[in-house]
Amino acid sequence: MRLGLDVFLEKGYKRVEGLRVGLVTNMTGVNEKLQPSIDLFAEHPAINLVALYAPEHGIRGDAKEGEKVSSSRDNATGLPVYSLYGQTRKPSQEMIADVDVLVFDLQDIGSRYYTYIYTMASVMEACMEYGKKLIVLDRPNPVSGINMEGNLVEQDVRSFVGLLPIPNRHGMTVGELALLFKNEFAYSCDLSVIPMEGWKRRMYFDDTNLFWVPPSPNTPVIDMAILYPGTCLIEGTNVSEGRGTTKPFEWIGAPFIDGQKLAKVYNDRSLPGVLARPISFVPTYQKYKGEVCNGVQLHIENRNTLHALQAGVALVETIATIYPNQFQFIQNENEKYFFDLLAGTKRLRKYILAGKAVRYLEESQQELDEFNKTRKKYLLYR
């Protein structure tokens with residue numbers, strides 16, 4: 001298969017001849033030989049690359065989650081690097097004044113919590129407001145483009161981890177999402193999408209024969225990305241989601257948990273495609289830094305039958321049931337629950353505390369059916 005980047009550099013570059021180009025990318029912007037799109041653009045005789053734009057984690061991926069990124073200058077090319085995860089998340093008029101067209105080349109991980117797709121939406125908004133063109137170079141959805149899971153984000157809990165009404169696992173590529181954003185959510189910029197060649201919707205990333213470049217420090221392997229639509233919800237609780245370990249979003253635990261008991265109770269639920277194994281770990285940062293956490297590792301038994309969101313919700317509900325006095329949903333300084341922002345609804349938190357999370361999954365299916373009708377209009381691959 002061929003990435004949108006490869007197709008663009010071979011023949012799509014003619015769209016930008018004579019124009020000043022800004023590139024929204026980071027370390028994931030590479031071709032099949034792992035050559036960075038920054039270098040490929042800078043060296044291309046017909047591309048006038050004048051600026052770079054960095055999402056969360058920075059242009060080289062050295063910033064932690066949620067850490068503000070400063071604008072800088074790229075050592076390799078000498079080009080200005082404008083941060084889209086610092087003082088602003090949308091390019092200002094000044095930041096794109098010297099650019100005629102912006103090109104977006106970032107690897108998403110297929111879950112709506114991940115901020116790169118909202119960086120794309122913010123770039124679309126800026127292009128619309130300031131009369132700039134946008135070209136999206138498409139990349140695979142690493143957890144395939146068939147299955148969808150979850151609910152649509154409700155208006156009162158929208159944030160940069162859930163900005164638009166799409167499900168937890170959306171089953172779309174960034175190019176398809178760009179088309180959806182433009183036509184359904186009024187991000188009506190001058191948009192072009194360069195599709196991949198040879199990608200099939202059934203493909204997971206390890207079916208593509210491409211090298212996996214982690215989009216952030218906590219996305220090391222494909223199993224993590226497959227589980228992420230469910231286990232990311234742990235972030236909104238006082239249980240460690242495994243940040244600061246070698247298995248983030250696969251290792252789940254806390255000092256108050258008995259891993260043997262949790263694994264047994266969880267496995268007794270007989271959830272499809274997943275098994276829990278008792279473990280202990282010590283995070284090097286974030287929650288419970290330096291403390292022994294006991295809990296479970298979720299192992300994918302069958303990725304085709306696994307419902308990641310169901311697996312994650314069931315784990316949160318199981319912990320809340322076994323440890324009602326220790327388990328907590330985290331509140332911020334405004335007494336808002338981060339869990340609600342991740343879940344895209346306040347319903348799920350209340351259902352979990354009542355031991356009725358299955359109702360959330362049943363209700364979500366109706367929302368998924370409606371979303372799928374809309375989604376089908378923008379699918380580029382069959």
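Across segment 1-116, how many lysine pairs, 8 or more positions apart or on different chains, have C-alpha atoms separated by under 29 Å? Please give the number. List each step's numbers first, then the result.
Details: Lys11/Lys33; Lys14/Lys33; Lys14/Lys90; Lys33/Lys64; Lys64/Lys90; Lys68/Lys90.
Within segment 1-116, the lysine pair count is 6.
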Under a Cβ-only charge scheme (Lys and Arg +1, Asp and Glu -1), can you give me the dipole magnitude of the chain about the Cα centre, in debye to the nearest 20? 560 debye
Taking a spot 7 Å from the Cα of Leu34 along the direction of its beta carbon, which residues of segment 202-217 have an amide N less than 13 Å from it? 210-214
Heavy-atom accessible area per residue, the chain, 1.4 Å probe: how many Å²? 40 Å²
Just subtract the alpha-carbon distance of Trp212 and Val50 from 0.36 nm times their residue separation and send over the number in nm, one decimal. 55.5 nm
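Can you send over the carbon and sulfur percentage of the accessible area for segment 33-153, probe radius 1.4 Å, protein chains only?
On the way: 1940 of 4350 Å².
Using a 1.4 Å probe with all protein chains present, segment 33-153 comes out at 45 percent carbon and sulfur.
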Hey, any idea what % of segment 218-323's accessible area is carbon plus sulfur with a 1.4 Å probe? 51 percent
Tell me the relative contact order for segment 217-319 as a rounded percent, counting alpha carbon contacts under 8 Å between residues six or more apart. 32 percent
I need the phi-derived Karplus couplings for segment 197-206: 6.51 cos²θ - 1.76 cosθ + 1.60, θ = phi - 60°, integer Hz, Gly and Pro marked x. 10, x, 7, 10, 4, 6, 6, 8, 4, 6
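For a Förster distance of 41 Å, can you work out the FRET efficiency between the beta-carbons of Asp369 and Asn332, rounded to the nearest 0.05? Please list the in-between numbers first.
Values: r = 33 Å, r/R0 = 0.81.
Calculated value: 0.80.
Is the C-alpha gyration tensor of segment 21-134 telling us rounded, prolate or oblate? Criteria: a/c under 1.5 is rounded; beyond that, a/b larger than b/c is prolate, otherwise oblate.
Numbers: a/c = 1.36, a/b = 1.06, b/c = 1.28.
Because its axes are fairly even, with a/c under 1.5, segment 21-134 counts as rounded.
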So what J values fall out for segment 320-330 if you push phi through Karplus, 6.51 cos²θ - 1.76 cosθ + 1.60 with θ = phi - 60°, rounded to Hz, Gly and Pro as x? 5, 6, 6, 10, x, 8, 9, 5, 9, 8, 7
Length gained when the stretch Ala354-Lys289 is fully extended (0.36 nm per residue, less Cα-Cα span): 20.4 nm
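In terms of the Cα gyration tensor, with a ≥ b ≥ c the square roots of its eigenvalues, is segment 261-349 rounded because a/c is under 1.5, prolate because a/b exceeds b/c, or oblate? List each step's numbers first, then the result.
Numbers: a/c = 1.79, a/b = 1.23, b/c = 1.46.
Since a/c reaches 1.5 but b/c is at least a/b, the shape of segment 261-349 is classed as oblate.
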Among the lysines, select those whose C-alpha is under 30 Å from the C-alpha of Lys350, and discard any that sit fewer than 8 residues away in the same chain. Lys247, Lys261, Lys264, Lys287, Lys289, Lys336, Lys373
Within segment 5-37, find all residues whose amide N lies under 18 Å from a label point positioned 7 Å from the Cα of Glu43 along Cα-to-beta-carbon. 5-11, 13, 26-37
Counting other Cβ atoms within 10 Å, keep those with at most 14, restrict to DSSP loop, and tell me which chymotrypsin sites (Phe, Trp or Tyr not before Pro) in segment 269-311 are left. Tyr285
Using 0.36 nm per residue of separation minus the Cα-Cα distance, give me the extension gain between Tyr130 and Glu301 in nm, one decimal. 56.7 nm
Report, for the chain, the % of DSSP beta bridges that are antiparallel, rounded to 5. 50 percent
Which cysteines in the chain lack any other cysteine whose Cβ sits under 4.7 Å from their own Cβ? Cys232, Cys293
Candidate lysines for bridging to Lys376, where Cα separation is under 23 Å - those fewer than 8 sequence places away on the same chain excluded: Lys182, Lys200
Which residue, Ser159, Val239, Val7, has the largest displacement toward the positive end of the dipole of the chain when charges sit on each Cβ (Lys, Arg +1; Asp, Glu -1)? Val239
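The values are calculated or read from the model by the stated rules, or taken from the named source; none is laboratory data. These figures come from a predicted structure and were not determined experimentally. All Cβ positions, even for glycine, are placed from backbone atoms using ideal geometry, and neighbour counts span all protein chains on display. Ligands, DNA and RNA are stripped out before the accessible areas are found, and what is left, the full protein with its side chains, is counted by its heavy atoms. Shrake-Rupley method; radii C 1.70, N 1.55, O 1.52, S 1.80 Å.
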